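Heads up, the thing below is written out as structure tokens.
FYI, it's all coordinate maths here, none of it is from the lab. What you see is a predicted model; the values in this text were computed from it and never measured.
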Amino acid sequence: MACPLCGVRKARRDCPALRQSICSVCCGTKRLKEIDCPASCVHLAAAREHPPAVVRRQQHRDAATLLPTIRHLTERQQQLFLLFHAVIAGHRPTGFTRVLDADVAAAAAACAATLETAARGVIYEHTASSIPGQALARDIMVALAEIRDKEATISDTESAVALRAIEAGAREALTGDATGSTYLDLVRRLLQTGGRPGPGAREPGDAPSLILPPT
């Protein structure tokens, strides 16, 4: 039987997401991108446990990029770091605009500055330098407010620290990557590796799923 996705190769793998068999190539290339794979999928688990060499090299590069920006973070700040990345990955720009690494850095910097100012007792909203950055910054602040509404105790200071780490990572990416990979690419790979929804999985208005324990 031919694979229902490509219509060319033989369908040899049972796909629990599609509830039918597909070919190994479509399984490998469309996994978590076009196919919403459940965590129980044996092929997904095998791929994560034994990724191909090119994926392992990319993971090592990602780790080398991230470690300098997060090694100083506490466990709670690292959770916020991941939460804000989920917002960035799920952000949908309006019209034909694109979110670039510079916009991520500008949005993180603006949100961090706003929170740092609030921690000093002054209410002032800092603004990102680009229109896409301003829209992304609004999403980040909305997500933070949603988490606080669920009675999670999150200080302005620890949120700002996590955002400064994101700003540092995005600005570092602006210096160039020989592979052509961007910080946004890294964000999406990070979320997929962590078993979280991929880009676009969070609908506007959906509350983030991460709830931090109170201090």
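Of note:
- Put simply, the amide H of residue 20, placed in the peptide plane, has neighbours under 5 Å in 15, leaving out anything fewer than 5 places away on its chain.
- Stretch gain in nm, segment residue 157-residue 33, where the contour uses 0.36 nm per residue and the Cα spacing is subtracted: 41.1 nm
- The convex hull drawn around the Cα atoms of the stretch 62-193, when projected onto a plane and averaged over every direction, covers 8.4 nm².
- Partner aspartates and glutamates for residue 150 [C-alpha distance under 20 Å; skip if fewer than 8 residues away on the same chain]: 75, 139, 158, 203, 206
- What the phi angles of the stretch 115-129 give under the Karplus curve with 6.51, -1.76 and 1.60, with θ = phi - 60°, is a coupling list of 5, 5, 5, 4, 5, 8, x, 10, 8, 8, 8, 7, 10, 5, 7 Hz, glycine and proline written as x.
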